[in-house]
Structures are given as C-alpha cells and as structure tokens.
Amino acid sequence: MKQVRCRCDAMVDIDVPDKINLDSDASFLSLLADGKSLSAVCPRCGALVRAELPLHLSSASRGIDAIVLPEPDRLSVYRGKVDAPGTSEILLGYQELFERARTLRDGLDPRVVEALKYFLQSKADEAEPEADTSVLYNGTMDGALEFHILGLKSGQTGVVKLPRSSYDKVEADMKTGIQKEPFKTLFSGRYHSIRKLGFMDSAAGQD
C-alpha cells in the first residue's frame, strides 16, 4: 500500500505493486494499454487519485524489462543523475508506460515504433516550427498504425495512420540503420525515447 497526495492535500492509500510481471498476470497489459493507472477515491474530497510511482515492468516472453520512473525525474535522467538500479530500460512517466503496453499488446518492436515517431515528429516540427509537439503511438486500426500528434495549433490532436508496410520497411532498414544517427544516439543508454533527442540538441546548442 502506497500513499499519494490528492489535490486537496489529503493522503490517499493506493494499492500499487512495486513489480508487474506480465507473464504472471496478463490482465495488467490490457489495463495499461487502455491508459488506466491504479487509482483510489479520495475520502476527503471524492476526487479520483491516480498513482504514478516507480515500478518494474517485466515479461520474458515479450522481451520487456523496464523501470518506470516518475515524470519529474526526466531532466535528472537526461543528465545521468538518477540512480536506477540494474540494467533495465528506463521509461519516464506513465504515458510512456501506457504507450509501451500498447506496443507490446500489438506485437510491435518498440524501436521501430520509436523510429516511426521520429519521422512523424520531424514532419510536425517542419510544419509547425513554433509548436511544442509530441507524438504518441495509439494502437492499430484496420491494419494501420495510429499515431497521435499533440500540441498542434488550437490545442488539437492530429491523427496519422501509417500502413503496416511503413512499419515493415522501417523494421527492415533498422538492421543497418540503427548504427547511423540519429538512431545510434536514440537507442544508446537505457532510455530510448525521441524526447531525449530534443534535450540533447538544445544542450549541444548551449555549448
């Protein structure tokens, strides 16, 4: 049992596991893929309080071994100042946890999905250079891969559907392309999100 602070400042007890093994309890995969984190109702104000606490996600059959760290740790992870034990991959925030669950549910290679996100992010930045956009994998729809682009003008969410052939092409190209930039940097270390590329670009510009 963990305690999470509600917006009314009350402490709420939530039963949050430290470890989730998807091979032992596959029901968690559907729960996470649907974007549902463990939650409880605040006894003081009645608000739904969601837990976003560190946890270890694993599945030998699906090839996943990841430590999920809270979103506020993002800059510290970028700067190599977070002590995450072991050699597990790092995910930052539950949004990335949910996205990874959808990738696992759909039987996709997370690296290929991240590469597709990179191409979509580049196009979004080119089209809206002043916007702070981000790309999320949302699942499959009628055989296509659906991505959501957040941060567009007027607060709208863009929806892009890529044919499975696009995924297959990138997957084939990854065998050699993974050693080339930006993918060499993207998949180095323990954190493999395109979000770190923006930080590294900005840090390089300050040198």
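Please specify each residue of the stretch 8-27 satisfying the condition of being free of Cβ contacts under 8 Å to residues at least 60 places away in the same chain and surrounded by 16 or more Cβ atoms within 10 Å (Cβ to Cβ). Lay out the reasoning, then the answer.
Residues of the stretch 8-27 that are free of Cβ contacts under 8 Å to residues at least 60 places away in the same chain, as a first pass: 8-21, 23-27.
Scanning the stretch 8-27 gives VAL12, ILE14, VAL16, ILE20.
Let's see how each residue does on (1) loosely packed, with under 13 Cβ neighbours inside 10 Å; (2) among the aromatic types (Phe, Trp, Tyr); (3) at pLDDT below 95:
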position	(1), (2), (3)
ILE64	no, no, yes
ARG74	no, no, yes
GLY86	yes, no, yes
THR103	no, no, no
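Being within 11 Å of VAL112 (Cβ to Cβ) and either of a type in the set (Phe, Trp, Tyr) or not assigned by TED's automatic domain parsing to the domain that holds LEU120 (or both) is the filter here; which residues of the stretch 139-182 pass it? TYR167 - this is the single residue of the stretch 139-182 that is within 11 Å of VAL112 (Cβ to Cβ) and either of a type in the set (Phe, Trp, Tyr) or not assigned by TED's automatic domain parsing to the domain that holds LEU120 (or both). Among the residues examined, GLU114 qualifies as surrounded by 14 or more Cβ atoms within 10 Å (Cβ to Cβ), touching a His at 6+ places or on another chain (Cβ under 7 Å) and not assigned by TED's automatic domain parsing to the domain that holds LEU29. VAL112 is checked against (1) touching a strand residue (DSSP E or B) at 6+ places or on another chain (Cβ under 9 Å); (2) at pLDDT 95 or above and fails just one. What number does that condition carry? With (1) touching a strand residue (DSSP E or B) at 6+ places or on another chain (Cβ under 9 Å); (2) at pLDDT 95 or above applied to VAL112, the lone miss is (1). With respect to the conditions (1) assigned to a helix (DSSP H, G or I); (2) over 17 Å from ALA33 (Cβ atoms); (3) β-branched (Val, Ile, Thr), THR103 falls short on a single one, namely (2). Quick check: anything in the stretch 106-114 out of contact with any Phe, Trp or Tyr (no Cβ under 6 Å at 6 or more places or on another chain), farther than 17 Å from PRO163 by Cα and acidic (Asp, Glu)? No: the stretch 106-114 contains no residue that is out of contact with any Phe, Trp or Tyr (no Cβ under 6 Å at 6 or more places or on another chain), farther than 17 Å from PRO163 by Cα and acidic (Asp, Glu).
Report yes if ARG44 is assigned to a loop (DSSP other than H, G, I, E, B) and of a type in the set (D, E, K, R), otherwise no. Taking the combined requirement at face value, the residue satisfies it.
For every residue, the table says whether it meets (1) of a type in the set (Val, Ile, Thr); (2) within 24 Å of ASN138 (Cα to Cα).
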| site | (1), (2) |
| --- | --- |
| LEU55 | no, yes |
| ALA60 | no, yes |
| ASP65 | no, yes |
| GLU71 | no, yes |
| TYR78 | no, no |
| LYS81 | no, no |
| THR87 | yes, no |
| TYR94 | no, yes |
| LEU97 | no, yes |
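For the stretch 47-61, a tally of residues being assigned to a loop (DSSP other than H, G, I, E, B) and either crowded, with 18+ Cβ neighbours inside 10 Å or aliphatic (A, V, I, L, M) (or both) returns 5.
Picking from residues in the stretch 157-207 that are in a strand (DSSP E or B) and surrounded by fewer than 15 Cβ atoms within 10 Å (Cβ to Cβ), the one that is modelled with the lowest pLDDT is VAL159. Of the residues making up the stretch 74-100, those that are under 15 Å from LEU22 (Cβ atoms) and assigned to a strand (DSSP E or B) are GLU89, LEU91.
The values are calculated or read from the model by the stated rules, or taken from the named source; none is laboratory data. Keep in mind that this is a model prediction, so the values were computed, not measured. Because the Cβ atoms are built from the backbone with ideal geometry, glycine has one as well, and the counts that use them run over all protein chains shown.
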